[in-house]
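Colleague: Structure provided below as C-alpha cells; questions to follow.
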Amino acid sequence: MTEHAEGHDHGLPPKSSVKRWLVTTNHKDIGTLYIVTALFFLVAGGLLALLIRTQLWSPGGTILGGQGYNQAVSAHGLLMVFWFISPFAFGFANYVVPLQIGAKDLAFPRLNALSYWLYLFSGLLFMASFFLGSTFAGGWTMYAPLNVPTFIPDIAEVGSLAAILALVLFVASVTVSSVNFLTTMYRMRAEGLRMRDMPMFSITILLTVWMMLFAFAALLAAFVLLSADHLLGTVYFSNDSGGSLLWTHLFWFFGHPEVYIVFFPALGIMAETFQTFSGKRLVGRKWFILAMLLVALQSFVVWMHHMFLTGINLPIKTIFMATTIGISLPFDLMIFSLIYTLIKGKVRFTTPFLFSLGGVLLFIIGGITGVFLGAIVLDYTFRGTYWVVAHFHYVMVGGVTALIGGLYYWFPKITGKMYDEFLGKVHFGTYFVGFNLLYFPMFVVWETPRRVFEYDAGFTLWHRIATIGGFLLAASFLVMFYNLFKSLHSDAEADDCPWEYASSAEWTVPSPPPLENFPGIASYADGKLSFLDRSAADGGAAGDRATDGGTDQAADGGTVTRLIRSADPVGAEVYETTETGHADHASYWPLIVSATAFVTFLGLSGVAKPYVVWPFLFALPVFIGYIGVEGMRRDGLGWAHYLCWALAAVTLAGVAVLFGIDKGSLAAGFAGASPYFYITLVGAATGYASLVAMGWESFSVPEPAIAERWPFAAVENTKLGMWFFLGTDVVLFGAFIGSYLFMRVANGWAHWHEELIPAAHTTLPGLINTYLLLTSSFAVVIALVAARRRNQRALLAYLALTFALGVGFLVNKAIEWEHLFNLHGGAFEGGWTFTTNVASSTFYVTTGLHALHVVVGLLITLFLFVRASRGAYLGEGNAETIEYFGLYWHFVDIVWLFLFPLFYIL
Amino acid sequence: MWGVAVLHDSVVGHAGGVSRTPVDVFSSIYTVFLALGTIVGVVVIGYTLYNAVKYRRGNREGTESKADVVRPELGELPRGSGGGRKLFVSFGISAVIVISLIIWTYSALLYVDSGPDEGDELEVDVVGQRFSWTFVYPNGHQTTQLRVPKDRPVELNVTSADVFHNIGIPEFNAKTDAIPGQTTTTWFVPDELGTYQAVCYELCGSGHSVMRSDVIVMQSDAYQNWYANTSTQQASADADATNAVAGGPA
C-alpha cells in the first residue's frame, strides 16, 4: 500500500469532516469515539455524584426528595459502571489491540462501528429516561420486586422501562464487541506472536472479552425477563416464592465477573506502564498471566457473596466464602509482581506512571478492605453500609485511575501531540488528594447506611470532608480536559515513541498511525518485530517461506486472501477485485441501524401492554418487501422478488386481520394506539429495512495472508464469529432455563404441574414442533450440500422447505397458544396467558424467546432464498454463508430439544 | 497451638462463663482485621513507594553495571524478567495470612449462625413494609416500636410484606435481609439500656431514607409490666374479635 497524505485515507473523508466520524469503521476512529463518548458519560455520572454528595452535606439533606435522591444514586451507578468505565477501557482496546497484535483492523469492522453506535444510542436512551417522568430509581443493582411495575410509581414507569431497555441495547453492543475482539485476537495475530506473547494490555482485553461473552448473556436474560414483566405482565420477579432471589442470582452471576471486566483493562495498563516507566520487564510475567486467567475463571463462582444475608444455608455460605478468598489470592501475586518490577528499574515519574502507581496503591487499600467483606461474620454487619461503598470505590475508581494513566500514555500516539507534563502532574496531585478526601472518610463513617441521606449527626464532619473531596476530584478533571484540549491544538509534536523503554508494537509506528497501521505485514518470526513487504505476499514468494503449525497462508496463487470473490456467472453482483485485497472502511449502516434501535426502544418504553407486539408484526411486511426491493436493485428483477412482495402483502393482510380481531376492529385498534405505538412502528420498520440493507451491503474485509491462528487455524473469521455468538446465546438460554428450574423448585416441583398448568397443555403440539424443526435441520444440511455442488434448483428447493417447515412450526405454536389463551372453565377461567402465574410466565417467555430465534432464522432464510435465486452461494467458496446460517439453525433446533422435555414432559 | 486456642475462645463461646454477644464477636474480629489490615497496607504501600523512589532514574546512575538488567527494547517479543521465586515467597506469605484469618473467623460464623443459646430468648417476628417495621410479639401484639428487656437474647424472624428490605440494629450488630415470601433470622443481646434504631439497609423506594423504627431496651421488670399489659390488651382484643365473629355483643 502506498502512503497517503493525512486526510486522504482510502475513500474515507478526512478527520476534520463530520461525515468521517459517522461512517468510519476503522478501529482507531472507533476507539477515539469510544474514549470521547465515555468521558461525556463520566461527566454525567460525576454530576450526579456531586448532587449526592451535596445532599449528604448535612443529615436529612433537602436538595433532592426521596424519589429524586434514589434516581441520582441509581443513575450514578448505572452510568458509571456501564456507560463510562468499560467503554472507556474499550476505547483503548479498540485503538491499541490491533496495533499490539500486528493486525490492520478488527475482524469485523462494520460490527465494530455498530457496537459503538449501539453504545452511544443506548446511553442517549438512558439519559432520555430522566425526561420521561423519572428514571429508574431502584439502585444500580435493580433488586426485585422493587424493579417491577407494582412497586414503581406511575410517573416513573415509562422512564424506568426506558432505562431497562437502554441497558438491553447496551448489552447488545457489548455482545457484538466481544465476538469481534475474540475473533480478532485468535485469528489475526502477527506471525510468531503466540497467545501468551501478546503484550499485557492485549492479554487483559482477551480475558475481559471472554468474561463479557458469558457474563453479559446472563445479564441480558435478567433484563429480558424484567422487560417481560413490564411489557407483557409476566410474574417472574413479583412471584412470592422466589422472584426476589431469582433476580439476585441472575444479577450477581453477571455482577461479579463484571467487576473484573471493569478492572482487567486497568490491570493491563498498570502492567504496561510499570514496565515502560521502570524500564524493566514485568517480573513473573508468566505467573501474572496465569493469575489473571484464574481470576477470570473464578469470577463465575463467587457471586453468592453478595447474598450472604438472604437466608442461604451454611454449606453454601462456606463454599462461597472459600471461593471469595480464593479469588483474592491471585491479585496478591499480581500486585507483588508489579512492585518487584520497580526494583532495579529506572523509574520515571511521568503523568501516566503517577496515575498507574496511584491506581495500584488505591487498589491495595480497596483489596484489603475486600477481605473484611469476605469474612462472612463481618459481612453480616457491613452489609448495606458505607464500608461496601468505600471498598468498591477504592477498587473500581482505583481502576479508573490507571485508565486515566492510559489516557495520558496513549494520548501522544492517538493525537500525535504531547500533553503538558506540568498540568498532568497538577491533575494527578488534585486527583489523588481529592480521591482520598472523598473515599477515605467513608471508611471512618462506615456505619452510614447505603442510599440513605439520613445519618448520625456525629458523622457530619466526615461526610463534609467527603463532599469537599468529591468537588476537588471533579475539579481535577477540569485540569485534564483543559490540558488535553490545549495540547491537541499546540505545536508539541509527539514522536513515534515518546516513552523510553516502551516496547510494544504500537510504538513502532507514527503518531498517529496511518490507516493501515503498519508499513508492511507485521511479523515476529525473527524474534522481534519486522515488516514484510506486502507485495511479497502476492504470488509465489510467500509460498517459499517456512511455516510452522498454526500459520495460514494464501491458498490460491496470486491473491492475498481466499475470501475474494470473482464476478458471478449469472451476471449478478460484482464484488471487489482480487489483486490487492482492498478493504472497505466506511458504511452508513451501523449508525442507521443503531438509530432505528433507539427509536424502537424509545417507543417500546411507553407502549401499552395490549399493543406491545403489534408494531413488530406490522413492520414485518416491510422486512419481507424490502428484501425484494433491495434484491431487485442489486441483482436485477427476478421471480423471487415478486414472491417477496406477494408474501409481504399476504403478511400485511394477515397481521391486519389479526389486529382487527384482537382489538374489535381495525379502526378501533388504531384509535386506541398511543404515540408510543407509532414511534415503535416507525423504529421497527426502518430498523428491519436497514438490517436488510446492511446485510446486503458489499463490504470487503480481506483476511490477513499470514497470521497466527492457534487454535482456530481451520475456522475462518466469519465462522468463528458465529461460534462465539452461539456461545453467548447458549448462556442466554441457559439462564432462561435456569430461571425456570429455579422458580419451579422454589414453587414446588410437583405443585407446579398439578396446580399451575392446565390439563389442556398437552405434549402433542410440542412433539409436532420437534419433528418440524428436526426435519428443517436436515433440509438446511441438504441445502448446503446443494450449494457446494452448484445445484441452484436443489438449493432453492431446500431453502424453501426449511422456510415452510419453520413457518409450520410457528403456525402450530400459534394455534397452541391461542387455544391456551382462551380456555374456559376449570381453574383457568379466562385463559392461561402470560400473566396467569409463574408457570405460564416461564413457559411463554422461554418458548417465546426460542420462537423469536425461529422468526429471525426464517427472515434470514428468505434473504438467502432471494439471493440464491439470482445465483449467489453456488460453489465451494461461496456456499459458506449457507453453512453459517446452518450453524445458527442447528443451534435453534438443539435448544428446542432441551425446551421440549422441560416444558412439555417433565 | 495454645495461642490458637486462646484466639478461638476469645471469639467463640463462653469466655469466663458468659456467652459472647454478636457485638463481642464483631468487635474482636473487626479489631484484629483492622490492625492487621492497616499493618499490611502500610507495609506494602510503604515498600512500593520506597522502591519507586529508590530506583528512580538519576538516583543510581553510575553505580549500576551494564550487565545488571536487560531493558525492554522497542519491537521485542514480550517477555518477563526473572524473579519468580521472590514472587512466590511473598505470595505464599500473603496467602497464609489471608487464609488463616478467614479460617479463624469461621468458628465465629458457626457460633453466630447457631443463634442464641437455647432457653430464654425472646422471639419476635418482624415484617418490613414500605416504610416502617412491624414487630409481632409471641402473644400476637403488634407494634412499630421494638421493646426488649436488658440482657436477654432476642431473635428476630424477619420477612417483608412488599419489596426487598434489610433490617439492622447497628449498636447490637443485628442484621438480616427482609425478603418477600421467605423468613430470615438474626439475633442480638441488648446489653445496654436506651433507645436505639432499627434501620433499613436495602433500597426500597422513596421513603428508604426514613425507614427507621425505635428499639427500646428496658429494665427487665419494666419490660414484664409492659408485656403483661399488652397481653391484657391482646386478650380483650381477641375476645372482641371472637365476639364480633360470633355475632355477640360488641
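Colleague: Compute the angle between helix B:84-113 and the longest alpha-carbon principal axis of chain B, please, reported from 0 to 90 degrees and rounded to the nearest 10.
Modeller: Value to nearest ten degrees: 10.
Colleague: Restricting the count to DSSP beta bridges whose residues both fall in segment B:122-239, what percent are antiparallel, rounded to a multiple of 5?
Modeller: 70 percent
Colleague: Something else: So how do A:844-852, A:458-466 stack up, highest first, on mean other-Cβ count within 10 Å?
Modeller: Ranked from most to least packed, the peptides come out as A:844-852, A:458-466.
Colleague: For chain B, take the longest principal axis of its alpha carbons; what is the angle in degrees between that and the long axis of helix B:2-11, to the nearest 10 within 0 to 90?
Modeller: Computed tilt is about 40 degrees.
Colleague: Given a cut-off of under 8 Å on Cα pairs at least six residues apart, what relative contact order in percent is computed for segment B:181-250?
Modeller: After rounding, I find 24 percent.
Colleague: Indicate the gyration tensor shape class of segment B:122-239 (rounded, prolate or oblate), computed on the Cα atoms with a ≥ b ≥ c the square roots of the eigenvalues: a/c under 1.5 is rounded; otherwise a/b larger than b/c is prolate and the rest oblate.
Modeller: Since a/c reaches 1.5 but b/c is at least a/b, the shape of segment B:122-239 is classed as oblate.
Colleague: Something else now. Which pairs break 29 Å Cα to Cα here: A:K486/A:K528; A:K286/A:K425; A:K104/A:K719; A:K280/A:K486; A:K104/A:K528?
Modeller: Violating the 29 Å Cα-Cα cut-off are A:K486/A:K528; A:K286/A:K425; A:K280/A:K486.
Colleague: Would you rank B:I99, A:I63 by solvent-accessible area, highest first, keeping every protein chain in place and using a 1.4 Å probe?
Modeller: Ranking B:I99, A:I63 by accessible area, largest first, yields A:I63, B:I99.
Colleague: If you place +1 on the Cβ of every Lys and Arg, -1 on the Cβ of every Asp and Glu, and leave all else neutral, what size is the dipole of segment A:633-710 about its Cα centre, to the nearest 20 Debye?
Modeller: The calculated dipole for segment A:633-710 is roughly 220 debye.
Colleague: Any chance you could look up the accessible area of A:T686 with a 1.4 Å probe, heavy atoms only, rounded to 10 Å²?
Modeller: In the full protein context, A:T686 sits at about 70 Å².
Colleague: Here's something else I'd like to know. Identify which of B:E155, B:E121, B:E76 has the largest mean-square fluctuation in a Gaussian network model of chain B, with springs joining Cα atoms closer than 10 Å.
Modeller: Comparing B:E155, B:E121, B:E76 in the GNM, the peak value goes to B:E76.
Colleague: If you place +1 on the Cβ of every Lys and Arg, -1 on the Cβ of every Asp and Glu, and leave all else neutral, what size is the dipole of segment A:793-906 about its Cα centre, to the nearest 20 Debye?
Modeller: 280 debye
Colleague: Here is a further query. Sorted by mean Cβ packing within 10 Å, highest first, what order do the peptides A:589-598, A:643-652 take?
Modeller: A:589-598, A:643-652
Colleague: To continue, here is another question. Averaged across the residues of A:376-389, what count of C-beta atoms belonging to other chains lies within 10 Å of each residue's C-beta?
Modeller: What the average comes to for A:376-389 is 6.
Colleague: How much FRET efficiency would the formula 1/(1 + (r/R0)^6) give for A:A794 and A:E493, where r is the Cβ-Cβ distance and R0 is 56 Å, rounded to 0.05?
Modeller: FRET efficiency, A:A794 to A:E493: 0.35.
Colleague: Order A:Y482, B:Y201, most accessible first, counting only protein heavy atoms with a 1.4 angstrom probe.
Modeller: A:Y482, B:Y201
Colleague: Taking the convex hull of the alpha carbon atoms in the protein assembly as shown, what volume per residue do you get, in Å³?
Modeller: So the per-residue Cα hull volume is 191 Å³.
Colleague: Gaussian network model of chain B, Cα springs within a sub-10 Å range: biggest mean-square fluctuation belongs to which of B:L77, B:L87, B:L122?
Modeller: B:L77
Colleague: Take every residue in peptide B:24-33, count the Cβ atoms of other chains within 10 Å of its Cβ, and give the average of those counts.
Modeller: What the average comes to for B:24-33 is 3.
Colleague: Going by average Cβ density within 10 Å per residue, which order do the peptides A:483-489, B:181-187 take, highest to lowest?
Modeller: B:181-187, A:483-489
Colleague: Now a separate question. Considering only protein heavy atoms, with the full assembly of protein chains and a 1.4 angstrom probe, order A:T467, A:T881 by accessible area, largest first.
Modeller: Ranked list, largest accessible area first: A:T881, A:T467.
Colleague: Given charges of +1 on the Cβ of Lys and Arg and -1 on the Cβ of Asp and Glu, with all other atoms neutral, how large is the dipole of chain B about its Cα centre, in debye to the nearest 20?
Modeller: Magnitude of the dipole: close to 1800 debye.
Colleague: Give the average, rounded to an integer, of partner chain Cβ atoms located within 10 angstrom of each Cβ in A:279-291.
Modeller: Average neighbour count from other chains, rounded to a whole number: 5.
The values are calculated or read from the model by the stated rules, or taken from the named source; none is laboratory data. Computed from a prediction, not measured in an experiment: that's the story for all the values here. As a convention, Cβ positions derive from the backbone with ideal geometry for all residues, glycine included, and neighbour counts pool all protein chains shown. These accessible areas exclude ligands, DNA and RNA; they are computed on the full protein's heavy atoms, side chains included. Shrake-Rupley method; radii C 1.70, N 1.55, O 1.52, S 1.80 Å.
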